[in-house]
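Structure, as structure tokens:
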Amino acid sequence: MADRESGIGARVLRKEDKRFLVGRGRYMDDINRPRQVYAVFVRSQVAHGTLKGLDSGAALETDGVIAVLTGEDVAADGLGSLPCGWTIHSKDGAEMKTPAHPALAIGKVRYVGEPVAVVIGETLEAARDGAELVELDIDELPPVTDVVAALEQGAPGIHDDVPGNECYHWGLGDEEAVDKAIDAAHHVTRLELRNNRLAPNAMETRAAIGEYDPVDGMYTLHVNSQNPHLHRLVLAAFVELAPEHKLRVISPDVGGGFGSKIFIYSEETVCAWAARRVGRPVKWTATRSEAFLADAHGRDHASTAELALDKEGNFLALRVRTKANMGAYLSTFAAAVPTWLYGTLLAGQYKTPAVHVEVRAVFTNTSPVDAYRGAGRPEAAFLLERIVEKAAREIGMDPAELRRRNLIPKDAFPYQTPVALVYDTGDYEASLDKALDMADYAGFAARRAESEARGMKRGIGLSCYIEACGLAPSQLAGELGAGIGLFESAEIRVNATGGVKVFTGTQSTGQGHETTFAQLVADRLGLDMDEVEIVHGDTDRVQYGLGTYGSRSLSVGGSAIHMATEKIVEKARKIAAHMMETTADDVDFTQGLFTAKGTNKSMHFKEVAFSAYVPHNYPLDELEPGLHESAYYDPENFTYPAGTHICEVEVDPETGVVDILAFTAVDDFGRIINPTIVEGQVHGGVAQGIGQAMLEHCIYDDESGQLVTGSYMDYAMPRADDLPDFTLAFTETPCTHNPLGAKGCGEAGAIGSTPALINAITSAIGHENIAMPATPLAVWRAMRGAE
Amino acid sequence: MDIPARLPDPRKREKKMYRFEYHKATSLEDAASKRSTADDATYLAGGMTLIPTLKQRLASHSDLIDLAGIDGLAGISVDGAVVTIGAMTCHAEVAASAALRDAIPALADLAGLIADPAVRNRGTIGGSLANSDPAADYPAAVLGLGATIVTDKREIAADDYFLDLFETALEEGEIITAIKFPVPKRAAYEKFPNPASRYAIVGVFVAETEGGVRVAVTGAGPCAFRVSDMEAALAGNFAPDAVAGITVSADDLNQDLHASAAYRASLVTTMAKRAVAKAAG
């Protein structure tokens, strides 16, 4: 029986944790296939060059090497280019430039780490030995890795069909209104900033096993994917590896993704294709070094912004100009990230009447850049919350007060922003007030004085972020250039004995879906958590789905599950009505019991389920036997999680070391199913946001195009001792348009925390120009001006 | 739901390194002899630098000669004014030694700051000193305490040992057997870790010894070095203020994406000041 200990809102412990904690998860490394062989990729060691030739002779003579395959082999078999799923149009109406993205390089190499050939070996070391002997004949060309430099006159051209390296020049908002407002404004705050490039660093690196069965022509691809059906769709419809019904994609337990496992990469494409070529299952597992080089990176913007204010501090207009690094090729969702997931969020929580943004997307000799936890929304929140903080300091107003003055009031919803979105609901001031109270904002001055007495510098920083989540709706996404739908599906199969299997098209990469979704269904049907099994990650078992990203699993996938569950209840109610000799309208259902109104008759859900499969006393003239329903849910709008994060730091003026003393996050995720899981998501997100702000940075050498930060010796990940205890709380305005009232919580931590921390550091040191990551060196330099 | 323990999977033997022959030496003589007959052999102590390098195929050796089986190379003994630490003693053992913590607590503290628990339980003091990574911690203590490096051939004073980047006074095939540390009157180590690797960007070891005050710096230069101006100032006044105004020249200091030479120079002063405060405290 469901009870309050496992119902909606209860802190149910995660069902999946036992197998993870005892090491019995089933990750790609746990899966091996009979007669499996190993793939090792030969990657370009130069950033830019003409690929004149490739000598595989010595590799093929290596013991245990079965095959060496190249881009020409891929092309000869008719495989298409790896597509970008979104088409963006420039301001002038022109379609974005989409240069070919071959699975293995043809004619040219464009970034260090680009796969050029694959060596297949009986063993991993045979394949490695062979890969070292493949000789690439490359005429080096000068590279360009920096997003600003790549747009300059005379910059090296990366694709022949992309003059000036510009993919698109997109705009959104009323340019004229913004120009007028800025020209006439009482005060204009200006800011120039970079949003640092990040490597995603999922704990489990990417891996794939391709298999081909010549008897039925069926391909099976095991890949740690955030969206197995999307992998199948892209590989079938765009790459034309095999028709969809001849391709099965299985995504087992996945050890983190953060976006990086959404995309359809060269490596899994090649493994599936090569399996047919060599007649054996082909396995590839990325080394950590390969992950740094060849996972799609995140962020990497250069922006300028101007915020116009009147005498009272009301925001009048915001102008933003951004250059977004796409890397060498367009990854699966790349084009959408700095446009529809970025420009549309620049109104933030504020009623700024006019906003105009232009984004130039730029090709460079770097790894492709795509969605990484937050995807565009952290870039928007960082820019906006930095310039708002700077404006407050310039006009001498308390930053909390300036924000409060400009917040969209809670009675203004639904609210049409000047940048396309309609926010459905929110109460931003409630989160701000709660956060200010929990962080003891009022007591900061005294704490600062205490720090100063010890020779330390103390700062406090706010961030009032908003994000658009629950990616969907399909029609809107289609209008904006998406090549796919963005609904979600669910199927519920009730067994004759009353247990339930739930099939969802979302894909956990560690978020606890097996618990949250089971909680939803068990609560509604009056079952134990253990009587509900969640199934995902296999295109031959799950009917369809679009996967997990954009904090969509609960609000979209959970809503589909909710709808399917309601269909189950409605059918079961009819069966129960028949058995209790009444009408469905006269049957109540609570706590797993169907009750005939006004009688003492009742039936448990499990009895009804049994009857559905043993239909001896059953309304066969009205209903089919069985208890099995599916639902597809396509929302009418995004969801809009929002909140206030406050960070307090102490800076050591001698060393530049920043100590995070307190971090307060008050988030409105709408209705919460499992607070423990939600808090875990916030903890992880805040840790990643702090990582971006203080530690993480993918650096390419300008001259050679080499990735300088290609290992954990130089790429700093956040560790437990870098992080403070987090103080968390929630406010709740339920989403108005999905049946759960849920908004999504996966990305918020990574969106809200970064500007709060940088605002705290700039508050402490009294210096606005600090580049991320704010490492001790960067803070020390900022405090001293130039060395 | 009880989940049985997993059996080892025989298919999961990932061999990533180049081929080499592995030997377990039974004595110092055996080690030297095995080395001399091999094509391109190297000694294996804890392997905390060597093994990752081999796995990434950044190094290749025909033979690895493991020193772990040689009796008498590990252990800590305190004999009055001298602490002797066997070369094959791991960092965790140094950090946890009650006898050492009584005699030279700063050295035990330093060992506890090296890398992470896994590395501290494998990595050895002899291996660290033979490798002489410019950002390793032990060189600061060895130089700061004026230790003696004992090899299978001779004894080398710390002042003569560190020559340059990854370069020491060790001759080809020479094996460190122990390090002898004189017990100081007081000492302390302050480390500024690299945010990524947690190696020392700058580490300063300050000691007041029978032979005078010594200040040794690791992480900042190509190898560990002493700061004579600070030593002179502290000899007159062992207090943080004595070194607060003394800076080392940035000219010869290391420079990388985590720290400029000027920043390292500044950290040398700050860490020295804090080490003195800790030692004096």
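List of remarks:
- Taking a quarter of the surface of the Cα convex hull of chain A gives a mean projected area of 36.1 nm².
- Put a dot 7 Å past the Cα of A:Val278, heading toward its Cβ, do the same for A:Thr727, and the two dots end up 5.7 nm apart.
- In this Cβ point-charge picture (+1 for Lys and Arg, -1 for Asp and Glu), chain A has a dipole of about 840 debye about its Cα centre.
- Rg ratio (alpha-carbon, reference 2.2 N^0.38 Å) - region A:83-168: 1.42
- Rounded if a/c under 1.5, otherwise prolate or oblate - region A:421-481, Cα gyration tensor axes: prolate
- Stokes-Einstein translational diffusion, region A:549-614 - Kirkwood Rh over all Cα pairs, 0.890 mPa s, 25 °C, in µm²/s: 191
- Computed over region B:17-65, the ratio Rg/Rh where both radii use C-alpha atoms and Rh is Kirkwood: 0.97
- Neighbour-count ranking [beta-carbon atoms within 10 angstrom, fewest first] of A:Cys464, A:Cys167, A:Cys647: A:Cys167, A:Cys464, A:Cys647
- Three-way shape call for chain B based on the alpha-carbon gyration tensor, with the a/c threshold at 1.5: prolate
- Eligible lysines near A:Lys567 by straight Cα distance, threshold 24 Å, same-chain separation 8 or greater: A:Lys501, A:Lys597, A:Lys601, A:Lys606, A:Lys743
- Centroid-to-centroid separation of region A:308-377 and region A:218-275 [C-alpha atoms, Å]: 29
- In this label model, A:Lys311 and A:His187 are separated by 1.3 nm, measuring between points 7 Å along each Cα→Cβ vector.
- Basic side chains Lys and Arg get +1 at the Cβ, acidic Asp and Glu get -1 at the Cβ, and with that the dipole of region B:89-246 about its Cα centre reaches some 440 debye.
- Farthest toward the positive end of the dipole of the protein assembly as shown, out of A:Thr655, A:Phe292, A:Leu54, is the Cα of A:Thr655, where the dipole comes from beta carbon charges about the Cα centre.
- Zero-based 10 Å bins, Cα pair distances in region A:1-142, whole percents: 10, 25, 24, 16, 14, 9, 2
- Of A:Ala155, A:Gly343, B:Gly126, farthest towards positive along the dipole that unit charges on Lys, Arg, Asp, Glu beta carbons give the protein assembly as shown: B:Gly126
- Per-residue ellipticity at 222 nm from helix content only, as computed over chain A with -39500 (n - 2.57) for each DSSP H run of at least four residues, stands at -8000 deg cm²/dmol.
- Think of each Lys and Arg Cβ as +1 and each Asp and Glu Cβ as -1; about the Cα centre, that makes the dipole of chain B roughly 1040 debye.
- Separation of region B:152-181 from region A:57-88 is 51 Å, based on Cα centroids.
- Converting the Cα gyration tensor eigenvalues of region A:568-680 into ellipsoid dimensions via √(5λ) gives semi-axes, longest first, of 55, 15, 13 Å.
- Per-residue Cβ neighbour rank within 10 angstrom, fewest leading, B:Tyr263, A:Tyr544: A:Tyr544, B:Tyr263
- Cβ crowding within 10 Å ranks A:Ser367, B:Ser197, A:Ser555 as B:Ser197, A:Ser367, A:Ser555, fewest other Cβ atoms first.
- Among the lysines of region B:76-280, pairs at least eight places apart or on separate chains and with Cα atoms under 22 Å apart come to 5.
- Toward the positive end of the charge dipole of the protein assembly as shown, with +1 on the Cβ of Lys and Arg and -1 on the Cβ of Asp and Glu, the farthest Cα among A:Met783, A:Gly107, A:Thr664 is that of A:Thr664.
- P(r) tail fraction, region A:1-60 - alpha-carbon pairs more than 20 Å apart, %: 66
Since every read-out is calculated from the coordinates, none of them should be taken as a lab result. As the structure is a computational prediction, the values presented were derived from the model and not from experiment. No Cβ is skipped: glycine too gets one built from the backbone with ideal geometry, and neighbour counts run over all protein chains shown.
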